[in-house]
Amino acid sequence: MSVFCLRAAEKLRQQKGFTRKVTVHIRTSPFDKKKTPYANSAQQKLNLATNDSRELLVICKKLLGTIYK
């Protein structure tokens, strides 16, 4: 997840873009018959638009912690 977040921030900077919202999605395999499938997402709106990898990584980890089982 960290690598994906850092790559997304890198692409934002290359495009001279910023984001004002971060969304994290997770999903287990729907084909695993031993466990009930699980999917969830969380999002956070930002006060200031950013493309800072460090700031986005902290937010992504916090969001993942709220939905990970």
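The values are calculated or read from the model by the stated rules, or taken from the named source; none is laboratory data. The shown structure was predicted, so the numbers you read here are calculated from the model rather than taken from an experiment. Glycine gets a Cβ as well: all are built from the backbone with ideal geometry, and neighbour counts include every protein chain shown. Please note that ligands, DNA and RNA were not included when accessible areas were found on the heavy atoms of the full protein model with its side chains. Shrake-Rupley method; radii C 1.70, N 1.55, O 1.52, S 1.80 Å.
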(message) So for segment 1-61, averaging the separation of alpha carbon pairs under 8 Å that are six or more residues apart and normalising by length, what relative contact order in percent results?
(response) 45
(message) With a 10 Å cut-off between alpha carbons and a GNM built on the chain, which of Arg27, Arg54, Arg13 moves the most?
(response) Arg27
(request) Please say if the chain is rounded, prolate or oblate, where rounded means a/c under 1.5 for a ≥ b ≥ c the square roots of the C-alpha gyration tensor eigenvalues, and otherwise the choice is prolate for a/b larger than b/c and oblate otherwise? (result) prolate
(request) Leaving out ligands and nucleic acids, note down the accessible area per residue over the chain with a 1.4 angstrom probe, in whole Å². (result) 81
(message) Give me the net charge for the shell around Glu10: Cβ to Cβ below 14 angstrom, other residues only, Lys and Arg +1, Asp and Glu -1.
(response) +3
